[in-house]
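Worksheet for the structure shown next.
Any read-out appearing in this document is the output of simple, stated calculations on the displayed coordinates, not a laboratory observation. Treat the numbers as computed from the prediction; the structure is a model and nothing was measured. Here the Cβ positions follow ideal geometry from the backbone for every residue, glycine too, while neighbour counts run over all protein chains shown.
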Amino acid sequence: MTKPFFLPLLSLLLALPFSSQSPENPNPNPPTAAHVELTRYGFPIGLLPASVRAYTLNETSGDFSVDLGGSCRITLPPDNYLATYSKKVKGKIVQGRIAELDGIRVRALFKWWSITGIKSSGENLVFEVGVVTAKYPSKNFDESPECEGKHSSS
């Protein structure tokens, strides 16, 4: 059963842009091969932080693993909501869909929520948090965020 009070907060959390880019530095984080791979499957590069070290992808099964070198925390303005990425983010990707996602969590309502899947639907992304889904413009994820804190374990 979904909790209706969670949807507005999740909406606010995921609708905020992950990072900003100044006009003086038009491309502070050139996309890695993993970021380019996201676009090949219909997703914006901002779903992954800029700190990608390596990734593997089985093009037959869609299984992937992204190595960030350590866990990564991102504070989403203006209300300081937190999103965390584990050292390794894993899942299964096909055109327009990421499933079995493991390694990305958001903090809302004093609890950590795992993002379990993401769908690309035209100009929008649909995020799955268990049985709850929320739709947001994909343009909010056009830029890869910088990690605020790296930790040795995840």
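Contour minus end-to-end for residue 142 and residue 75, with contour as 0.36 nm per residue of separation and end-to-end as the Cα-Cα distance? Don't jump to the answer; show the numbers that get you there.
Working: separation 67, 0.36 × 67 = 24.12 nm, distance 1.69 nm.
22.4 nm is the gain from fully extending residue 142 to residue 75.
In nm, what is the difference between 0.36 nm times the number of residues separating residue 36 and residue 95 and their Cα-Cα distance?
Details: separation 59, 0.36 × 59 = 21.24 nm, distance 1.36 nm.
Full extension of this stretch gives 19.9 nm more.
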(message) Per residue of the stretch 122-131, what does 6.51 cos²θ - 1.76 cosθ + 1.60 with θ = phi - 60° give for ³J(HN,Hα)? Whole Hz please, x for Gly and Pro, Karplus curve as stated.
(response) x, 8, 10, 10, 10, 9, 10, 10, x, 8
(request) Let me see the pair-distance distribution of the stretch 33-138: every alpha carbon pair, 10 Å bin width, integer percents in order. (result) 14, 49, 33, 3, 0
(request) May I ask you to derive the relative contact order of the stretch 65-148, considering only C-alpha pairs under 8 Å and at least 6 residues apart, and to give it as an integer percent? (result) 21
(request) Could you pull out every residue, at least 5 positions away or on a different chain, whose amide H is within less than 5 Å of the one on residue 116? Hs are placed 1.01 Å off N in the peptide plane, and Pro or chain starts have none. (result) 128, 129, 130
(request) Evaluate the distance, in nm, between pseudo-label points positioned 7 Å from the Cα of residue 61 and of residue 112 along their respective Cα→Cβ axes. (result) 2.6
